[in-house]
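Visitor: Once you've had a glance at the structure underneath, I'll fire off some questions.
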Amino acid sequence: MDFKKINNWTGWIVTLIACTVYVMTIEATGSFWDCGEFISSAYKLQIPHPPGAPMFVLMGRVFIILFGDNPLTAAKAVNTMSALASGFTILFLFWTITHFAKRMVETSKEVALTTQQIILIMGAGVVGALGYTFSDTAWYSAVEGEVYALSSFFTALVFWAILKWEHKADEPGADKWIIFIFYIMGVSIGVHLLNLLTIPAIVMVYYFRQYKPSFVGGLVAFLIGVVITGFVQVFLIQYTIKWAGAFDVSFVNSLGLPFFTGFIFFFVLVAIILALGIRYADKKGKYFLKLGIWCTAFFLLGYTSYLTTMVRSNADPSVDMYNVDNPVTLMGYLGREQYGDWPILYGPDYVDKVENVENGDQYVKAKTTYEIAGKNYKRDWSSAPSAHLFPRMWDSDNDRGQMDSFKAFAGVEDGTPPTLRDNIKYFTNYQFGFMYLRYFLWNFAGKQNDLQGFGNVRDGNFSTGISFVDNFIFGDQSKLPDTIKNQNKAHNSLFMLPFLLGILGFIFQYQKNKKDFIVTGLLFFFTGIAIVIYLNQQSLQPRERDYAYVGSFYAFAIWIGLGVLQVAIWLEKFLSKKIAAIAATVITFLAVPALMAQQEWDDHDRSQKTLPRDLARNYLESCPPNAILFSFGDNDTYPLWYAQEVEGIRPDVRVVVNSLLGSDWYMKELRYKVNKSDKFDLIFTEDQVMGSKLNVAYFNAVPGFGETTYHDLDSVFRNVIADPLGKYQASTQEGPVNIFPTHKFKVPVNKANALASGIAKPTDNIVDELLIDFNPNRQYLLKNEMAIYAIIATSQFKRPICFTSTQELKEMGLDKYVRQTGMSYQLVPTIGQSIDADVSYKNIMTKFTFGNAKNPNVYYDEENRRHLNSIRLTIAQVAQALVSEGKLDSARQIIRKLDSETNEKSFPYGMTSNRGNQHNYFSYIFLQSCYAAGEMNVAKKVSSSVLKDLHQEIAYYKSLGDPMSEDQYMQNLENAYQSKPNSLSNKQMVFVQDALTTYQLIAAIEKMGQDFAAKK
């Protein structure tokens, strides 16, 4: 049998299976998180968030053209690109596994493989490759328009390429594969940096093939691999652009030359140096120097996709993150400067604040020169008194409950400084255990449910399906509420079979071929545990982060495949070698990839889900024509971008992202027209907000600006905060700072404009001024908050201003001036009517869409359910408003509308959730509206579903501790809540708040039903 032909054909068949599965299950439109941004960027060649993904954008654009350049198929085109990239990742994984398996099976290179050996090698490749195909994280990334699928493809390609080089190393010109690898790495930087982490493993392959292995030699080779990785990451990626930017500043400012002259000169100079270096190495016979220079040259050639970022940014597209229209901003863009940095190997504990130190001048592109707009700062992690090696608990903020996390995972006590031992414990329990090992076991042991994990025994843990194992670790799993167990499609029981098969392969490769084991192990380590160390994550994260470690899951799949060889050897004790090879393949195929596909298909099939696009449509359609819509989160913003930029939904609405308003480049973008949305004024000039100017203003009392009267906002902002004359500034050790003199502002209302634009109704009691009370306890005002105030002040009510949420408005004193018009909230010059019931009713009945939630086969994970609950809450609020206006029929109609557009199987009314029983609480609000409107059919359905889930929750919480009566349990809950002595177990203590809200909801729902029955 011809091994090469069979290997190729089998690989392509496996790839066809993977591609088919992924294409069948891709999301119908844009997904949540960054997908809407990336698809929008690909559709119009725009600029996504730092550090960018220009190669992804270009390739996505090609796929969109292949799909007809149609806005309605653009998302499917980019999603298909991810699916195919993932499918071809499986191809290279298959060939990688068969490469390793062949070397472990064959007795001699001169002796042809037997049929039994070929069957066994193919079986290993099929089981390992398809095991990864159906793994949770890889499948999740494969069906959406994000960078991780394409990144995995390039990672698989370069790792396979070094094995291809190894096979051909003795042939002339074999080192072209090395140059090819570095070119692909350069290309992949335009997608994601994961690819670079293969370098240490690649260097070890080269070392083992070219040199006689020894401990010292292996250690040196490993260190060389680490150095090369750092050289590429820091020098080639960062410093080349940094130096090119410095050249451009010098050429423009000192020589008076046009922008980009210095940038071009720098890279021409680099090309000349590389060419001279190759010539020198060739002449002197320095082969490794020559090879290294060629690799560098081709890496930089692949890296040139970032030139398109500056080209497109100069065209001022709608999505233009960081406004990368010059080499200086490209430096910050690649360096992810807007996200800050963190300590890795040396730094402080959270008990110390870290000093910011100057890091050079901040240059900003002006009309003809680069101007200094302030100083760049970086955090000096070594300056704190507590600085030490391996700082893991470094974050002194508590905006995400970091302090509670430090206590829970490291056991630190209030007022006690953490020790190095505490840091190691936190790393072991949280960063490695919770934020890596849990994800690893999701993929290869099983998954409990789709609730985001926060460290308790109920939410988002691994789950094997083996009762005594799961019950020992997490408590009696049979007591879990149905909605997060049997009825939760993400509840996948793999019985640890993929994990155990991978462990067999791990041991088998170690025993049979230690060189290949080291290579695979380095790939596993650097794409997994090394990332854990580098990211140094602090809890609690806003979302699960399993996608960051997909490279290590890929490496583990190699061991899964090699585990088939060990199973075959065991079976050979009872069967002939050929039958054992077949049996091992069939048994492991059924036990691993077949089981994984059966368990995980339903929670990875997104082929009929359209919620992100529909949610964005609901926000946009809730806005009046030509509105400004402020958004406050990724999953508000990115779907809005997709809906507008790709599908052309309501292009007249201007989406303004609150989190980006704190940057000068985003404020600049608001000054030009986008789509059908006109530009608008922000009070401040471009120069006044350039760079770090006006990043923050501090409260400082000034004579004439008391806190007992309201002061004209426009005047305060123009004359005091912006302070063109330098009169109103406070002196600090770091220099003068901008100030604001009062927390009380007023904005005059142009009533004629408000009526003419439809912002106010003739029946409204329009106020003369908006009286704004900024939080009196706040001593600082941020640039994004100033921008919102400025936009309101300068709009003069000619243009509607809307918000996707009111949570952030209370701090700014604006919440009393907004009126709900569906999913959005409109700023109005009146107080009293918080909901425009008629407009909201019309929007809901004629414009709202629900993400195909009436289809019982569509799966909605926790994030999707959260946004469906936002729609449910909106309809409940509008229904209550209609009831209060005596419009019972209309209230019943929108209640029935929601009920008919959602299905209990895909989006139940009663469902266990975290964040304070949020899901059931929203259903309780909806139930209130049902009773108020007299819609009893829906009310019975909601009440029954919610009460069933709530009672199951109580039974579950009680099961986590010692048996006790209902009264005893409630008394212990009250004691625990008041920090009094109690008899609750540690597992129960985590759910005190949840259990109390559950009891409260049960009592409220039962009373509501009794009250309604009494009225009848």
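The values are calculated or read from the model by the stated rules, or taken from the named source; none is laboratory data. As the structure is a computational prediction, the values presented were derived from the model and not from experiment. Cβ sites come from the backbone with ideal geometry, for glycine too, and all protein chains shown count toward neighbours. Remember, those area values only see protein heavy atoms, side chains included, never the ligands or the DNA or RNA. Shrake-Rupley method; radii C 1.70, N 1.55, O 1.52, S 1.80 Å.
Visitor: How many percent of the accessible area of region 166-240 is carbon or sulfur, using a 1.4 Å probe?
Guide: 73
Visitor: If I take R0 = 25 Å and measure r between the Cβ atoms of Q807 and N777 in this structure, what FRET efficiency does the formula 1/(1 + (r/R0)^6) give, to the nearest 0.05?
Guide: Taking R0 as 25 Å, the efficiency between Q807 and N777 is 0.90.
Visitor: Follow-up question, since we're still on this one. Counting other Cβ atoms within 10 Å of each Cβ, which trypsin sites (Lys or Arg not before Pro) in region 249-290 have at most 16 and sit in a DSSP loop?
Guide: Hits after loop and neighbour filter: K286.
Visitor: Let me ask something else about it. Based on alpha-carbon centroids, what's the gap between region 887-941 and region 82-134 in Å, whole number please?
Guide: 52
Visitor: Let me ask you something else. Show that you can apply the helix-only estimate: for the chain, add -39,500 (n - 2.57) for every DSSP H stretch of four or more residues, divide by all residues, and state [θ] at 222 nm to the nearest 500.
Guide: Result for the chain, helices only: -17000 deg cm²/dmol.
Visitor: Counting Lys and Arg as +1 and Asp and Glu as -1, each charge on the Cβ, what is the dipole of the chain about the Cα centre in debye, to the nearest 20?
Guide: With Lys and Arg at +1 and Asp and Glu at -1, about 2260 debye.
Visitor: If I take every Cα pair under 8 Å that is 6 or more residues apart in the chain, average their sequence separation and divide by the length, what percent do I get for the relative contact order?
Guide: 11
Visitor: Suppose every Lys and Arg Cβ carries +1 and every Asp and Glu Cβ carries -1, with no other charges. What dipole size does region 291-449 come out with about its Cα centre, to the nearest 20 debye?
Guide: Dipole magnitude for region 291-449 comes out near 580 debye.
Visitor: Let me ask something else. What distance in nm separates the simple spin-label points at V216 and D687, each placed 7 Å from Cα in the Cβ direction?
Guide: Result: 6.6 nm between the two label points.
Visitor: Provide the per-residue ³J(HN,Hα) series for region 942-954, in order, calculated from phi with Karplus coefficients 6.51, -1.76, 1.60 and θ = phi - 60°, each as a whole number of Hz, with x at glycine and proline positions.
Guide: For region 942-954, the Karplus-derived couplings read 5, 4, 4, 5, 5, 4, 4, 5, 5, 5, 5, 4, 4 Hz, x marking Gly and Pro.
Visitor: In addition: What is the projected area of the convex hull of the Cα atoms of region 165-298, averaged over all directions, in nm²?
Guide: 9.8
Visitor: Right, here's the next one. Just want the answer: with Cβ charges of +1 for Lys and Arg and -1 for Asp and Glu, which residue in I473, T520, G551 is farthest toward the dipole's positive end in region 466-568?
Guide: T520
Visitor: Divide, for the chain, the radius of gyration over alpha carbons by 2.2 N^0.38 Å, where N is the residue count.
Guide: 1.00
Visitor: Same structure again: By how many nm would the segment from W570 to E1006 grow when fully extended, if each residue of separation counts as 0.36 nm and the alpha-carbon distance is taken off?
Guide: Gain on extension, W570 to E1006, equals 150.8 nm.
Visitor: With r as the distance between the Cβ atoms of A1014 and F288 and R0 = 60 Å, compute the FRET efficiency 1/(1 + (r/R0)^6) and round to 0.05.
Guide: 0.10
Visitor: Hey, another quick one. In region 57-175, with Lys and Arg counted as +1 and Asp and Glu as -1 at Cβ, which of these residues, L84, L157, A169, has the Cα nearest the positive end of the dipole, that is, farthest along it?
Guide: L84
Visitor: How much FRET efficiency would the formula 1/(1 + (r/R0)^6) give for N765 and E355, where r is the Cβ-Cβ distance and R0 is 51 Å, rounded to 0.05?
Guide: E(calc), rounded to 0.05, equals 0.45.
Visitor: With no solvent and one equal point scatterer per Cα, compute the Debye intensity ratio I(q)/I(0) for region 37-129 at 0.13, 0.21, 0.23, 0.25 Å⁻¹ and report its log10, rounded to two decimals.
Guide: Log10 I(q)/I(0), no solvent term: -0.60, -0.91, -1.02, -1.13.
Visitor: For a protection proxy built on the mean count of beta-carbon atoms within 10 angstrom, sort 968-977, 123-132, 34-43 highest first, please.
Guide: Going from most to least packed, we get 123-132, 34-43, 968-977.
Visitor: Could I ask something else about it? Based on alpha-carbon positions alone, could you give the equivalent ellipsoid semi-axes of region 558-621 from the gyration tensor, as √(5λ), descending, whole Å?
Guide: Semi-axes (√(5λ), whole Å): 46, 10, 6.
Visitor: In addition: Against the empirical 2.2 N^0.38 Å scaling, what ratio does the C-alpha Rg of region 803-863 come to?
Guide: 1.44
Visitor: Compute the Rg/Rh shape ratio of region 625-766: radius of gyration over Kirkwood radius, all on alpha-carbon atoms.
Guide: That ratio is 1.03, to two decimals.
Visitor: Could I ask something else about it? Please give, to one decimal in nm, the separation of the simple spin-label points placed at S250 and R336, each 7 Å out from Cα toward the Cβ.
Guide: For the pair S250/R336, the computed spacing is 3.0 nm.
Visitor: Ratio to report: Rg/Rh of region 344-398, with Cα atoms as the point set and Rh obtained by the Kirkwood method; give two decimals.
Guide: On the Cα set of region 344-398, Rg over Rh gives 1.21.
Visitor: Here's another thing I want to ask about it. Say the dipole of the chain comes from +1 at the beta carbon of Lys and Arg and -1 at that of Asp and Glu; which of G332, A142, V858 then lies farthest toward its positive end?
Guide: A142
Visitor: In nm, give the distance between the simple-model label positions of R896 and I925, each being 7 Å from the Cα along the Cα-to-Cβ direction.
Guide: 2.5
Visitor: Which value, in debye to the nearest 20, describes the size of the charge dipole of region 201-301 about its Cα centre when Lys and Arg Cβ atoms bear +1, Asp and Glu Cβ atoms bear -1, and nothing else is charged?
Guide: So the magnitude is around 480 debye.
Visitor: Multiplying the sequence separation of T114 and Q968 by 0.36 nm and subtracting their Cα-Cα distance, what value in nm do you get?
Guide: 300.4 nm
Visitor: Which whole-Hz ³J(HN,Hα) couplings does region 14-22 yield from phi under the Karplus relation 6.51 cos²θ - 1.76 cosθ + 1.60, θ = phi - 60°, glycine and proline marked x?
Guide: Going residue by residue, I get 4, 5, 4, 4, 4, 4, 4, 4, 5 Hz, with x marking Gly and Pro.
Visitor: Of the cross-linked pairs K4/K578; K407/K783; K4/K102; K609/K673; K447/K512; K746/K816, which ones have a Cα-Cα span greater than 23 Å in the structure shown?
Guide: Long pairs (Cα-Cα over 23 Å): K407/K783; K609/K673; K447/K512.
Visitor: If you average 1/r over all unlike Cα pairs in region 242-368 and invert the result, what Kirkwood radius do you get in angstrom?
Guide: After inverting the pairwise mean of 1/r, the radius is 17.6 Å.
Visitor: What fraction, in whole percent, of alpha-carbon pairs in region 402-553 exceed 29 Å separation?
Guide: The calculated P(r) of region 402-553 puts 25 percent of pairs beyond 29 Å.
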